[in-house]
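Notes follow the structure.
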Amino acid sequence: MASVNKVILVGNLGADPEVRYMPSGDAVANLRIATTDRYKDKQSGEMKEATEWHRISMFGKLAEIAGQYLRKGSSVYIEGRIRTRKWQDQSGQDKYSTEIVADQMQMLGGRVGANDGDSDSGTDRSASQQSPASAQRSAPTGQRPPPARRQPTQAPSNGFGDMDDDIPFARPAALDGIPFRNDGAPMY
């Protein structure tokens, strides 16, 4: 019988992502996500909360995107798999770490800490990751900055004055809610 190792989480970051680069140049991001379960206590009838913290690891382009766009408090959807690593501390003792290796990420809600009044509230942005082996084969792609905001002008009274002429597909895929692969190409 086949086995399944699949994790789906929706939670908030407890701190900014830690992004490092391996000697090969590939990015690695580590983050901690909090999920909260709410339940009714049978004894007292009160609503209670239980918070779990999850260690998340991301590799390649997905790690770069996380480092660029995620901040403490960001709401995020993660799909991945559980992995337990064995390592030795400085005294030579074996230690074990269980974490989630993210395959896909979707940023939820608006930008955390945006102070320019341009909140992307309600916009979902997503990304996916290739396996670390295939991520090493893909070359990093450049990110274009979002288009500059135009100053509103006085529109003629033809009933279309409130329309925005910005081209919706001119923004990077990471900001438009379009899922994309680790190489930056759209998944559709």
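A short reminder: the numbers here are calculations on the coordinates, not readings from a lab. Because the structure is predicted, anything quoted here is derived from the model rather than measured. Ideal geometry is used to build each Cβ from the backbone, glycine not excepted, and the neighbour counts take in all protein chains shown.
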Going by what's in this entry, would Met58 be described as surrounded by fewer than 17 Cβ atoms within 10 Å (Cβ to Cβ) and among the hydrophobic types (A, V, I, L, M, F, W, C)?
no
Which count do you get for residues in segment 20-39 that are surrounded by 11 or more Cβ atoms within 10 Å (Cβ to Cβ) and within 21 Å of Thr98 (Cβ to Cβ)?
9
Can you find a residue in segment 39-48 that is touching a residue at least 12 places away in the same chain (Cβ under 8 Å), part of a strand (DSSP E or B) and over 11 Å from the mean Cα position of the chain (by Cα)?
no
Contact list, first residue from segment 21-35 and touching a residue at least 24 places away in the same chain (Cβ under 8 Å) and in a strand (DSSP E or B), second anywhere and surrounded by fewer than 17 Cβ atoms within 10 Å (Cβ to Cβ) and among the aromatic types (Phe, Trp, Tyr), beta-carbon distance below 9 Å, six or more apart or interchain, is Ala27/Tyr21; Val28/Tyr21; Arg32/Trp53; Ile33/Trp53; Thr35/Trp53
Need the failing condition index for Glu52 against (1) outside any strand (DSSP E or B); (2) surrounded by fewer than 17 Cβ atoms within 10 Å (Cβ to Cβ), just the number.
(1)
Just to be sure I understand, how many residues within segment 40-73 are touching a helix residue (DSSP H, G or I) at 6+ places or on another chain (Cβ under 9 Å), under 18 Å from Leu13 (Cβ atoms) and of a type outside the set (A, V, I, L, M, F, W, C)?
3
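Residue under question is Lys42, and the condition is that it be out of contact with any Pro (no Cβ under 6 Å at 6 or more places or on another chain), surrounded by 10 or more Cβ atoms within 10 Å (Cβ to Cβ) and basic (Lys, Arg); does it hold?
no
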